[in-house]
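The values are calculated or read from the model by the stated rules, or taken from the named source; none is laboratory data. Note that this is a predicted model, so its numbers are computed, not measured. Cβ atoms come from the backbone with ideal geometry, glycine included; neighbour counts cover every protein chain shown. Side chains included, ligands, DNA and RNA excluded: accessible areas come from the protein's heavy atoms. Shrake-Rupley method; radii C 1.70, N 1.55, O 1.52, S 1.80 Å.
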Amino acid sequence: MDIIHLLPDSIANQIAAGEVIQRPASVVKELMENSIDAGADRVTVVVKNAGRTFIKVVDTGKGMSQTDARMAFERHATSKIQNTDDLFRLRTMGFRGEALASIAAVASVELRTRQKGSDFGTFIEIAASKILKQEMDSCAEGTFFLVKNLFFNVPARRKFLKTEETELRHIITEFQRVALANPNIALELFSGDDMIYELSATNHKQRIAAVFGKKIRNFSQNLLNIEVKTSIVNIFGFVGKPQASAKNTQQFFFVNGRFMRHPYFHRAVMNAYENMLQPDTSPYYFIYFEVNPENIDVNIHPTKTEIKFEDEREIWSILMTAVKESLGKFNIIPSIDFNTEGQIDIPVLGKNRNFEMPKPVFNPNYNPFANHSPRNSYSKSFENWEKLYEKNEPQYIDIKPINSNQPLISENENFTDFFRFREKYLITSVKSGLMIIDRQRAEERIVYEKILLQMEQQQSAMQKVLFPENLQLSTDENLLFKEILPDILAIGFEFETEGENSYLVTGIPSLLTETPDIIELLQNILASVGENGIQKEIYEKIAAQVAKNYAKFSQSAHNQAETESFINKLFQCQNPNFSTDGKKIMAIIADSEIFEKFN
Ligand code: ADP
Ligand code: MG
């Protein structure tokens, strides 16, 4: 008996939809791209409840004939390519003919469309791939899509939509990409009655300014032009001056009017900025490539934004040089006022460097007659450290001194004090050698784990501030902010709403009373919380930012006693070896290395 049969279209379309339409933002993207392909000079997008209730897209494009309007919902129905050769001449955003079929498979869709100069238009209603109604309509020229109840027949999908804030952020992101790629088209985005963007047709620079101008300080002074024309690629666009770099910058590549991700080209840009950026910051860039469509492959995946180029290596160098040149032209050299904190290498670990013996720090508070002899307690805690250290980094432990008869440093000797070296390191001797601890990173680690614990137990101390500062956010930052607000409150912040997208910071975690720029810290938190952060990750990111800030300004470990307790705290951490961004907190110069230097 034969058991194989073809799936009905409705099911096939629904399966295909799983790939193309992942969330409301995908619908917005596909419909906007169709409008652009149809030659619209104005596209208006309205979403209700971040697209859950409805998504409306209205354009002034060429419209569809009655037959085409019906055909458009068939799978693999497209007006954009006819044969495989066309694939290599692609100038349109769409070509697979999958989007409308997919949308209509997982939502109810109303289409009103009228061709230019035509006396009447067409109305079609379709839901779950079933045509419910088709009739003549007296709509305006152009095309009007109304997509309602997305995923109504795919409950699993509908249930897994994220919060309205998150879904709206995705929509805004897609909208921004289309907006930056098509500055010559007027574009509007509304969420319910709220106008989010109202962009008139303009040039690239003005469009970037209209989309991100408020976010980038001194926008026009801080963006530099790049432009280069070669036989394989034309590149133009804008890169931010190094001093405008920040934690959450906008970085965009477009090719032939299409947004793309390109990690390899990204490295070319970053290469051009080498040594010009402050630690942990990245530059702005908006870079547009024009290439012969024959030389790129956009066909990788319906929703993927990666694009393959034929002359990738050549373009890499062209791009790198272009960015470098434009940075150079404006006389931007790394200036001395750049913050170099945190960049200093540990010099003693270099192979051919000489080790400068740290001078002991004199402790004026030392009282040899005190009951509690610091010396003894130091050596006691040494044992503890080494045990903890062993657990995490066993490779350090079995280094044997070259001449084991004459160990340079023994625990019984009086060299167990701590030295503060170059205000940056704490140095002390341990069984296997000389241990160097990066004080700031250690501090960061200690505070990080403390905050995480506080957050998990929801018990952190809050300090009211005398002069509340103002936190001003953009619409999409505010969406993100609202989403993580419970977590931020949990670590001891307090806010008053001051207006739309604006808050007063009325309370801060007591840990942060020394932090000079609370607003910057909050912005860093927002920047570091990724799009899909799950709860635990959000905690970690917030804690990491707070800890970093705290560590930057705290000056603990001044005297021997403080240092001892500091080091003990470090070794009580779950992971005393690395800072939150994976940098080494401590290093040991093995006895053997030291001996070698005297051979
Ligand atoms: P694709 O864009 O890959 O061709 P779609 O499913 O997105 O596939 O659209 C199918 C066809 O419907 C398009 O090729 C186009 O001819 C027509 N179409 C879709 N949207 C519009 C629109 N806004 N204006 C005019 N024609 C449209
Ligand atoms: Mg399309």
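Keeping to segment 17-46, report how many residues are near ligand 1 (Cβ under 10 Å from one of its atoms), in contact with a Leu (Cβ under 9 Å, 6 or more places away or on another chain) and closer than 20 Å to Glu74 by Cβ.
3
All but one of (1) open to solvent by 70 Å² or more (accessible area, probe 1.4 Å); (2) at pLDDT 80 or above; (3) touching an Asp or Glu at 6+ places or on another chain (Cβ under 7 Å) hold for Phe578, so report the exception by its number.
Result: Phe578 passes all but (3).
Does Ala77 fit the bill of being more than 20 Å from Val46 (Cβ to Cβ), in the same structural domain as Val43 (by TED's automatic domain parsing), at pLDDT below 95 and within 12 Å of ligand 1 (Cβ to nearest atom)?
yes
Check off (1) out of contact with any His (no Cβ under 8 Å at 6 or more places or on another chain); (2) within 9 Å of ligand 1 (Cβ to nearest atom) for Gly97 and give me the number that stays unchecked.
For Gly97, the failing item is (1).
Among the residues of segment 264-272, is any open to solvent by less than 30 Å² (accessible area, probe 1.4 Å) and either among the basic types (Lys, Arg) or touching a Gly at 6+ places or on another chain (Cβ under 8 Å) (or both)?
no
Could you please let me know if Thr67 is open to solvent by 20 Å² or more (accessible area, probe 1.4 Å) and modelled with pLDDT of 80 or more?
Answer is yes for this residue.
Yes/no matrix, rows are residues, columns are (1) touching a residue at least 12 places away in the same chain (Cβ under 8 Å); (2) of a type in the set (Phe, Trp, Tyr); (3) within 22 Å of Arg75 (Cα to Cα):
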residue	(1), (2), (3)
Ile124	yes, no, yes
Pro155	no, no, no
Leu161	yes, no, no
Ile196	yes, no, no
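Would segment 89-107 turn up any residue that is touching a residue at least 40 places away in the same chain (Cβ under 8 Å), within 16 Å of ligand 2 (Cβ to nearest atom) and aromatic (Phe, Trp, Tyr)?
no
Being touching a Phe, Trp or Tyr at 6+ places or on another chain (Cβ under 6 Å) and touching a residue at least 24 places away in the same chain (Cβ under 8 Å) narrows it down to one residue among Val211, Val255; which is it?
Val255
Collect the residues in segment 3-41 that are away from ligand 2 (no atom under 11 Å from the Cβ), open to solvent by less than 30 Å² (accessible area, probe 1.4 Å) and closer than 22 Å to Ala201 by Cβ, keeping them in residue-number order.
Val28, Ala40, listed by residue number.
Can you tell me which residue within segment 65-74, out of those that are outside any loop (DSSP other than H, G, I, E, B), in contact (Cβ under 8 Å) with a residue 40 or more places away in the chain and not small (Gly, Ala, Ser), is farthest from ligand 1 (Cβ to nearest atom)?
Gln66
Please find, within segment 77-88, the residue that is least open to solvent (accessible area, probe 1.4 Å) out of those that are assigned to a loop (DSSP other than H, G, I, E, B) and away from ligand 2 (no atom under 12 Å from the Cβ).
Checking each candidate, the answer is Asn83.
Tell me, which residue of segment 109-145 that is open to solvent by less than 20 Å² (accessible area, probe 1.4 Å) and of a type in the set (Ser, Thr, Tyr) is nearest to ligand 1 (Cβ to nearest atom)?
Checking each candidate, the answer is Thr143.
Got at least one residue in segment 47-64 being open to solvent by 20 Å² or more (accessible area, probe 1.4 Å) and near ligand 1 (Cβ under 7 Å from one of its atoms)?
Yes: segment 47-64 contains one or more residues that are open to solvent by 20 Å² or more (accessible area, probe 1.4 Å) and near ligand 1 (Cβ under 7 Å from one of its atoms).
Residues that are farther than 30 Å from Ile126 by Cα and open to solvent by 40 Å² or more (accessible area, probe 1.4 Å): find the strands (runs of 3 or more DSSP E) completely inside segment 150-262 holding 2 or more of those.
Strands (runs of 3 or more DSSP E) meeting the threshold: 223-229, 234-240.
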